[in-house]
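The values are calculated or read from the model by the stated rules, or taken from the named source; none is laboratory data. Note that this is a predicted model, so its numbers are computed, not measured. Here the Cβ is made from the backbone with ideal geometry for all residues, glycine too, and neighbour counts use every protein chain on show.
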Amino acid sequence: MDQDLMRLAVAAAIVLAALATSVVIRRRRASDPPTQVTRNVPSQLDRADFPEVDSPWLVAVFTSATCSTCADVVAKSRVLQSDDVAVLDIEYTARGDLHQRYAIDAVPTLVVADGDGQVRSAFLGPVTATDLWAAVAECREPGSVRAPGESCSGDNGAV
């Protein structure tokens, strides 16, 4: 009988140890923070990194050749090309150095920088042509884009 009691006590100790281990593991899992996604947008560009550009404004689109959304954003950006606005497609395999330098970790990343390289506007991911073109217009001439609901005369719809 003593052996039976001894076996029962050992079995109970094993069950208790297993339960305690289970509780500890569950608490650790519950307390682990979720994965944090970072999406970096530079606040300043060194215009010397873009020697082919001497225009007052730069629209830099950081892309990847395997990204179909990137191609769409580049196409919408190309319309902005002028004497005053340079548009560059900075594709990862061709210019990975610039992606690393500016900590670009998501594509497409589009930035609008002035002549000093200060980023005045930025977009991550897909962008509508209307939003992109309005952002560049507002950067180039602040106050040129009407607020939603504002009439062409700026009287906010008053008659």
- Query: Can you tell which of Gln44, Gln3 is farther than 27 Å from Pro142 by Cβ and not small (Gly, Ala, Ser)?
  - Reply: Gln3
- Test each condition in (1) in a helix (DSSP H, G or I); (2) surrounded by 12 or more Cβ atoms within 10 Å (Cβ to Cβ) for Ile25 and report the one that comes out false. (2)
- Regarding Arg95, is this residue under 16 Å from Val119 (Cβ atoms), modelled with pLDDT of 85 or more and among the basic types (Lys, Arg)? no
- Residue check for Thr109: at pLDDT 95 or above and within 20 Å of Gln44 (Cβ to Cβ): yes
